[in-house]
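Coordinate-derived values only; no laboratory data. Every value quoted in this text rests on a predicted model; they were computed, and no experiment measured them. A quick note on method: Cβ atoms are made from the backbone with ideal geometry, for glycine too, and the neighbour counts reach across all protein chains shown.
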Amino acid sequence: MRYRESACLRLKRRNLQGRTCQRGFTLLEVLIAVVILSVGLLGLAALQATSLKSNHHSLTRSQIAILSYDMIDRMRANRPAMILGDYDLSTSTENSNCTTVTGCTPTEMADHDYFEWTTLIRRALPGGQGVVCRDATGSDGWSVADHQCDGGAEFVVKLWWDENGNGLSDDPAFFMSFQP
Ligand SMILES: [Ca+2]
Ligand SMILES: [Ca+2]
């Protein structure tokens, strides 16, 4: 019986100069595969970075909401001081008596609340700072030093933070107005 001998078998049989019949990839094929893989990995890394950034923003927004309601709850729990206006641009003063059975006055509690609240802000938000004040035009202000609080019936919680981490005041701010 006759049959056609494949090139591979012929090579094996002749054993020419040690050549084998194994087939491999050319350098060009390898380079193309590397380029495609690199593009894919870069896309994956970009997607991961975007996802992390989005998660970080969501976490920041959650912390801002928690911090805002934390101060509003403190004020409602210390209503006499709130009515007197002690929470309007109050000073940050730690008073250990406020957390013991010794107790402190409503005004001292307002200052202690502000001390604890601003400490929480600094821990939770990069470059975080905040004020509570009366402000008829509550959606303004750039920092604690430039809070733009000009009085009025409504209280406003104002928060600022360095969202993009560049040390400049070019970030979004948060303002929440509420009736005492
Ligand atoms: Ca204002
Ligand atoms: Ca910034």
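Some notes on this structure:
- All C-alpha to C-alpha distances of the chain, sorted into 5 Å bins beginning at zero, yield P(r) values of 1, 7, 12, 13, 11, 8, 6, 4, 4, 3, 3, 3, 3, 3, 3, 3, 3, 3, 3, 2, 1, 0, 0 percent in whole numbers.
- Rounded to the nearest 20 debye, dipole of the stretch 27-178 from Cβ charges on Lys, Arg, Asp, Glu: 420 debye
- Database remark: amide H of Asp162 closer than 5 angstrom to the amide H of Gly127, Gly128 (H placed geometrically; neighbours at sequence offset of 5 or more, or on other chains; Pro and chain starts carry no H).
- Note on Asp73 and Arg122: their simple-model spin labels are 2.3 nm apart, each label 7 Å out from Cα toward Cβ.
- Inter-centroid distance (Cα atoms) of the stretch 50-87 relative to the stretch 110-180, Å: 10 Å
- Potential lengthening between Ala145 and Arg61 on full extension [0.36 nm per residue; Cα-Cα distance subtracted]: 28.0 nm
- When the chymotrypsin sites (Phe, Trp or Tyr not before Pro) in the stretch 73-180 are filtered for DSSP coil states and for at most 14 other beta-carbon atoms within 10 Å of their beta-carbon, the remaining sites are Trp142.
- Value of [θ]222 nm, deg cm²/dmol, for the chain, DSSP H segments ≥ 4, -39500 (n - 2.57) each, nearest 500: -16000 deg cm²/dmol
- Positive dipole terminus of the chain, leading residue within Ser54, Thr105, Leu27 (C-beta point charges): Leu27
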